[in-house]
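**Q** Dropping the structure in here first, questions after.
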Number of protein chains: 2
Amino acid sequence: MKLKQIKSRELSLRIKFILLFTITISGVVNAQLDAKSLTPKDTVLKSPDILQDNRVTFRIFAPKANDVSVNMDGFDKNIQLVRDNIGIWTGTTDPLKDDIYEYTFIVDGAKVLDPNNAQATRSGKKYQSFVVVPGEESNLYVYNDIQHGTLSKRWYDSPLLGMKRRVCVYTPADYEHNSKKYPVLYLLHGGMEDEDAWITRGRVCQIMDNLIAQGKIKPMIVVMTNDNANQSASQNDITPLSSEGGIKGFFNNAGKYTNTYVKEVIPFIEMNYRTYNNKENRAIAGLSMGGINVQTITNNNPDVFNYIGVFSIGIVSIGMTPEMIEKSKQERDEKIEVLKKHGYKLYWIGCGKDDMTYGTVRFLKKTLDKHDFKYLYHESSGGHTWNNWRRYFTIFTPMLFK
Amino acid sequence: MKLKQIKSRELSLRIKFILLFTITISGVVNAQLDAKSLTPKDTVLKSPDILQDNRVTFRIFAPKANDVSVNMDGFDKNIQLVRDNIGIWTGTTDPLKDDIYEYTFIVDGAKVLDPNNAQATRSGKKYQSFVVVPGEESNLYVYNDIQHGTLSKRWYDSPLLGMKRRVCVYTPADYEHNSKKYPVLYLLHGGMEDEDAWITRGRVCQIMDNLIAQGKIKPMIVVMTNDNANQSASQNDITPLSSEGGIKGFFNNAGKYTNTYVKEVIPFIEMNYRTYNNKENRAIAGLSMGGINVQTITNNNPDVFNYIGVFSIGIVSIGMTPEMIEKSKQERDEKIEVLKKHGYKLYWIGCGKDDMTYGTVRFLKKTLDKHDFKYLYHESSGGHTWNNWRRYFTIFTPMLFK
């Protein structure tokens, strides 16, 4: 087995296109001819296909498969597809609210990206195709013909973690064209994810561009960190570790990593970007595991952030012994009092009614209430999904730095 | 069907990890217990598994599948996998040279990313898992513990194409820490690809970091454009067009787009980065479709680039009428004479022995020979593959700006 002369797909397709184009301009197009010559690999189907009433039809050519369905992220039931006589499987959703929907085909049990859809998200190991059902809200999630900010992937030194680490930084479109200073929002991802999560699944660049253009938020820098203490960057780019993001990342987060946020991440950003270096101009938010980290970081550093967002998580004690629970409760009570005394402009909590973390959020609210600690609580429909986190982001950011 | 309370995979896995961790530290680990509770979704297999002799074993859990193989990018034959009694399919390659290998599982005809491998490339619509077989050459393709440059995704205005367009820019690690000027290498992708191709499949950031750290190349800025005239950015991020990258992109490239390179791309880069704005400090290279564009751009602009790289393509006349061929031949002959007269430091052509474009490269060489136009020709093994283009990049860049 060796590398050989391949009719590379790119090239053979291009030549096919050229020939097709030549036929087209010669006026002798025969659609039948083209359809006949298609191989499974090249079959072009309209998928996803958004219908007038915002139902979405999915199609895949899989003549050898016995069973094909569509798994939509955050939905309780797969959509069963039906095979036609040449092997095209088709299925349609109910009418959908305008939003981004991530999905994969399940072909005989295997997860398959939609081969006819260029659009996919990645976070951690998880790849999914996605479809944008158009409307006012989902229009915030796509690139419109307005000015766009820059996304940079930079590296900083972390002596505390003993490695160089990558961070994603969004700077607004006007950043390059003036010498102004900017406030900064720090964003933390969920478990099993990485510094790309808020970009690919969260659509932060598109949302920021749109909300800035609409005048709904103050132009700000957005910093997206990798919050797995044992990863220097997304495993997609670095050599994978034998022990991956999950367990070590999570447990280190509770201690070693969260310390580095104020000692290493913020100094790096403030030294390398034109930022206001004060509490009034710093915000932090995180989802799920990131929301636990946000609580840890802000409880431990009451003078650093004026705006705090905790998305879809509250106080988690799972896996702790009764002694650990009691000790962490005492520490938390003290720290919440200190944070309250130091003051903050906004403490925002968001959670879906059907989120499995709902109970942890209720516990957080109860704890804060006990201390008469002010917060804004937003309860949405839905569960532990990026559909909610994108939406929370669009609700949270307009309240910052005003 | 509605968004519901999901036991999100991230969260349920995390909780599983926490419990597992708790069990582990309690010293009552029972590996059997964990294996039994695995669902198909969660099954963790070692895949890819690099063996001592650089053979690679692939594994996937697909109990419902009838037929599973592995397709390796650039290989002529798929590897047939064999099923065990619980539904794990396994297969092993021959010993492999150190390199990056892109692959997908083919499960009952459908292309499936390796669910146990976080590492995948994307270019255009094409997603593939990849494995790095370690060695001296492939060590250039991975992040080592050295200083890393920054990757920025920026947008520039293109009045000529009537849209804003995204460009990827690599700046070396020392760029932020001095006020020096830098030379610039412009890189063009192949057909059906986009501005991310050289990053994800070409591993430009890793290669640049490594070659700079080894002192083998001059620190330089690398600019990676989207060369499909009808796309503002990768279709992964923008709303997909009804007519996609392929045909329109290719045909516009031959005219409208290549003009914008010197009129719009270069001025944007030179206004926004610390660059030497002269021919001596500009290089350009492209592969396949990008190599055609490089010839067009440099033939039309003999005073702009001192270093020119044409990878895996030569003179292409497919789809042209005899009159078009004759006309383009005359124009080319004139332009080559002009380019020769204006001078250049390096004209580098690379091609694989087994590349289907080999004949077009022979035609280019013959044409240049006829004009006594000096060039360096590198003939490698292999075909029209990113394995070759990464390698050409590591051969070409050390010759620049010296």
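The values are calculated or read from the model by the stated rules, or taken from the named source; none is laboratory data. Here the structure is a predicted model, which means the values were calculated and not measured. So basically every Cβ, Gly included, is an ideal-geometry build from the backbone, and we count neighbours across all protein chains shown. Each accessible area value is taken on the protein alone, full model and side chains, heavy atoms only, with ligands, DNA and RNA left out. Shrake-Rupley method; radii C 1.70, N 1.55, O 1.52, S 1.80 Å.
**Q** How much space per residue, in cubic angstrom, does the convex hull of the C-alpha atoms of the stretch B:36-151 take up?
**A** That works out to 153 Å³ per residue.
**Q** Sticking with this structure for a sec: Defining the label point at 7 Å along Cα→Cβ, can you sort the distances from A:Asn66 to the same site in each other copy, shortest first, in nm?
**A** Those separations, rounded to one decimal, come out as 0.8 nm.
**Q** What are the residues of the stretch B:99-143 that lose 50 Å² or more of accessible area, with a 1.4 Å probe, going from their chain alone to all protein chains?
**A** Checking the loss per residue gives B:Asp108, B:Ala118, B:Gln119, B:Lys125, B:Tyr127, B:Tyr143.
**Q** Could I have the simple spin-label model distance between A:His342 and B:Asp94, label points 7 Å from Cα toward Cβ, reported in nm to one decimal?
**A** In this crude spin-label approximation the distance works out to 6.3 nm.
**Q** Next question. Taking beta carbons within 10 Å but only from partner chains, what does the mean come to for residues B:349-355?
**A** Shielding by partners across B:349-355 averages 2.
**Q** Ok, one more. Considering only protein heavy atoms and a probe of 1.4 Å, how much of the accessible area of the protein assembly as shown is carbon and sulfur, as a whole percent?
**A** About 54 percent, which is the carbon plus sulfur part of the accessible surface.
**Q** Still on this structure, please answer the following. Need one number: buried accessible surface between chains A and B, 1.4 Å probe, both sides summed, DNA, RNA and ligands left out, in Å² to 100.
**A** For A against B, buried area totals roughly 8600 Å².
**Q** Then there is this: Rounded to the nearest 0.05, what FRET efficiency do A:Val44 and A:Arg83 give with R0 = 22 Å and r taken as the Cβ-Cβ distance? Could you check? Please report the intermediate quantities before stating the final value.
**A** Details: r = 18 Å, r/R0 = 0.83.
Computed FRET efficiency for A:Val44 and A:Arg83 comes out at 0.75.
**Q** Here is a follow-up. Computed over the Cα atoms of the stretch A:88-198, what is the convex hull's projected area averaged over all directions, in nm²? Intermediate values should be presented prior to the final figure.
**A** Details: hull surface 44.7 nm².
For the stretch A:88-198, the mean projected area of the Cα convex hull comes to 11.2 nm².
**Q** If you don't mind, there's one more thing I want to ask. Apply the Karplus parameterisation 6.51 cos²θ - 1.76 cosθ + 1.60, with θ equal to phi minus 60°, to every residue of the stretch A:78-84 and state each ³J(HN,Hα) to the nearest whole Hz, in sequence, with x for glycine and proline.
**A** Once rounded to whole Hz, the list reads 6, 9, 6, 9, 10, 8, 9.
**Q** Same structure again: Hey, how many Å between the Cα centroid of the stretch B:95-125 and the Cα centroid of the stretch A:186-236?
**A** The stretch B:95-125 and the stretch A:186-236 have Cα centres spaced 27 Å from each other.
**Q** Next up: Apply the Karplus curve 6.51 cos²θ - 1.76 cosθ + 1.60, θ = phi - 60°, to the phi angles in the stretch B:88-96 and return the couplings in whole Hz, x for Gly and Pro.
**A** For the stretch B:88-96, the Karplus curve yields 8, 9, 9, x, 10, 7, 6, x, 10 Hz.
**Q** Here's something else I'd like to know. Hey, for a label at B:Lys64 modelled as a point 7 Å past Cα toward Cβ, could you say which residues of the stretch B:115-136 have their backbone N under 19 Å away?
**A** Answer for the stretch B:115-136: B:115-116.
**Q** Taking a probe of 1.4 Å, how large is the accessible area per residue of chain B, in Å²?
**A** 40
**Q** Using a label position 7 Å from Cα in the Cα→Cβ direction, what is the ascending list of nm distances from A:Phe363 to the same site in the other copies?
**A** Listed shortest first, these distances are 7.1 nm.
**Q** While we're here: Using C-alpha positions alone, give me the convex hull volume of the stretch B:319-402 per residue in cubic angstrom.
**A** Each residue corresponds to 106 Å³ of Cα convex hull volume.
**Q** Report the charge-dipole magnitude of chain A in Debye, nearest 20, computed about the Cα centre from +1 at each Lys and Arg Cβ and -1 at each Asp and Glu Cβ.
**A** 720
**Q** Taking the stretch A:250-402, how much of its Cα-Cα pair set, in percent, is spaced more than 22 angstrom apart?
**A** So the pairs more than 22 Å apart make up 40 percent of the total in the stretch A:250-402.
**Q** List, in the order given, every pair from A:Lys263/A:Lys327; A:Lys64/B:Lys111; B:Lys329/B:Lys370 whose Cα-Cα distance in the structure shown is over 23 Å.
**A** Long pairs (Cα-Cα over 23 Å): A:Lys263/A:Lys327.
**Q** Still on this structure, I have one more. Using only the Cα atoms of the stretch A:254-341, what semi-axes does the equivalent ellipsoid have when each is the square root of 5 times a gyration tensor eigenvalue? Give whole Å, largest first.
**A** Value: 25, 14, 12 Å, ordered largest first.
**Q** Next question, about the same structure. Within 10 Å of each candidate Cβ there may be at most 14 other Cβ atoms; applying that plus a DSSP loop requirement, which trypsin sites (Lys or Arg not before Pro) in the stretch A:308-367 survive?
**A** Listed in order of number, the matching sites are A:Lys353.
**Q** Nm distances between the label at A:Leu51 and the same-position labels in the remaining copies, 7 Å along Cα→Cβ, shortest first?
**A** Its label point is 5.1 nm from the equivalent points in the other copies.
**Q** For peptide A:151-163, how many partner chain Cβ atoms fall within 10 Å of a residue's Cβ, on average?
**A** 3
**Q** I've got another one for you. Considering every residue in A:260-271, what mean count of other chain Cβ atoms within 10 Å of its Cβ is obtained?
**A** Average neighbour count from other chains, rounded to a whole number: 0.
**Q** Three principal axis extents, largest first, for the C-alpha atoms of chain A, in Å?
**A** 78, 50, 49
**Q** Right, here's the next one. Return the Cα extents of the protein assembly as shown along principal axes one, two and three, sorted largest first, each rounded to a whole Å.
**A** 87, 62, 56
**Q** Also, I was wondering about something else. As a test of the definition: which semi-axes, in Å, follow for the stretch A:187-234 when you take the square root of five times each eigenvalue of its alpha carbon gyration tensor? Largest first, please. Show your work: numbers first, answer last.
**A** Numbers: eigenvalues 124, 19, 10 Å².
Largest first, the stretch A:187-234 gives 25, 10, 7 Å.
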